[in-house]
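Trainee: Here it is, the structure in full.
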Amino acid sequence: MNATIGRVLLQALWAPASILMLSVVVARLPRADGLWSLLHFLGGAAVAFFYCRLAGIALPMTVAWRYLFAFALACTTALGWELAEFAIDQVAGTSLQEGRVDTMSDLMLSVCGAALFLAFAAITSWKAPAAR
């Protein structure tokens, strides 16, 4: 296994994998309605963390581009997730999506989680010109 792939798995993929495992646990709870919003928010942050770390490890780019890359791909991942839920509902006859409000709030929470994580990461990693 390539050292870069191993670093990505160890340093970045743990966050979204943790959210996926947590969602499996929450799905088994009898009254988990209030937790799904939190999971979408945390999922957006976890995916943004993953892409930000991935860009830092595997792609040579400036810090600003790294955050833009991570945000764009986190938003794309959130959209892909909702499209997959829609496709599963259509094919399997399930009701993962409860309507437009549910879908839009899921997308907004994921985007807000990604934006908040990336803003926090940018602010905490920024150093004043004199401190560099």
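Trainee: Run the numbers on the stretch 3-131 and let me know its relative contact order in percent, using alpha-carbon pairs under 8 Å that are six or more apart.
Mentor: Working: 117 pairs, mean separation 40.7, N = 129.
Relative contact order for the stretch 3-131 comes out at 32 percent.
Trainee: Packing-wise, with mean Cβ within 10 Å as the measure, how do 87-94, 114-121, 102-109 rank, highest first?
Mentor: On the way: 87-94: 10.4, 114-121: 18.4, 102-109: 16.8.
The peptides rank, most packed first, as 114-121, 102-109, 87-94.
Trainee: Would you mind counting up the charge near Leu109? Only other residues with Cβ under 12 Å from its Cβ, with Lys and Arg at +1 and Asp and Glu at -1.
Mentor: Numbers: positive: none; negative: Glu82, Asp102, Asp106.
After counting each charged neighbour, the total is -3.
Trainee: Taking a spot 7 Å from the Cα of Ala72 along the direction of its beta carbon, which residues of the stretch 43-61 have an amide N less than 18 Å from it?
Mentor: 47-61
Trainee: Could I ask something else about it? Here are some values of log10 I(q)/I(0) by the Debye sum over Cα atoms at q = 0.10, 0.13, 0.23 Å⁻¹: (1) -0.59, -0.88, -1.23; (2) -0.54, -0.71, -1.27; (3) -0.38, -0.61, -1.38. Which one was computed from this structure?
Mentor: Among (1) -0.59, -0.88, -1.23; (2) -0.54, -0.71, -1.27; (3) -0.38, -0.61, -1.38, the one derived from this structure is (3).
Trainee: At 27 Å minimum axial length over the Cα atoms and a Kyte-Doolittle cut of -0.5, report the qualifying DSSP H helices in the chain, or say none. Walk me through the numbers before you get to the answer.
Mentor: Details: long enough: 35-58 (33 Å, 1.49); 63-92 (43 Å, 1.00); 100-125 (37 Å, 1.28).
Flagged H segments are 35-58, 63-92, 100-125.
Trainee: Quote to one decimal, in nm, the extra length available between Ser95 and Thr62 on full extension: 0.36 nm per residue of separation minus the C-alpha distance between them. Before the final figure, lay out each step's value.
Mentor: Numbers: separation 33, 0.36 × 33 = 11.88 nm, distance 4.23 nm.
Gain on extension, Ser95 to Thr62, equals 7.7 nm.
Laboratory data are not the source of any read-out in this text; all were calculated from the coordinates shown. Since the structure is predicted, the reported quantities are computational estimates derived from the model, not experimental observations. Cβ: placed from backbone, ideal geometry, glycine included. Neighbour counts: every protein chain shown.
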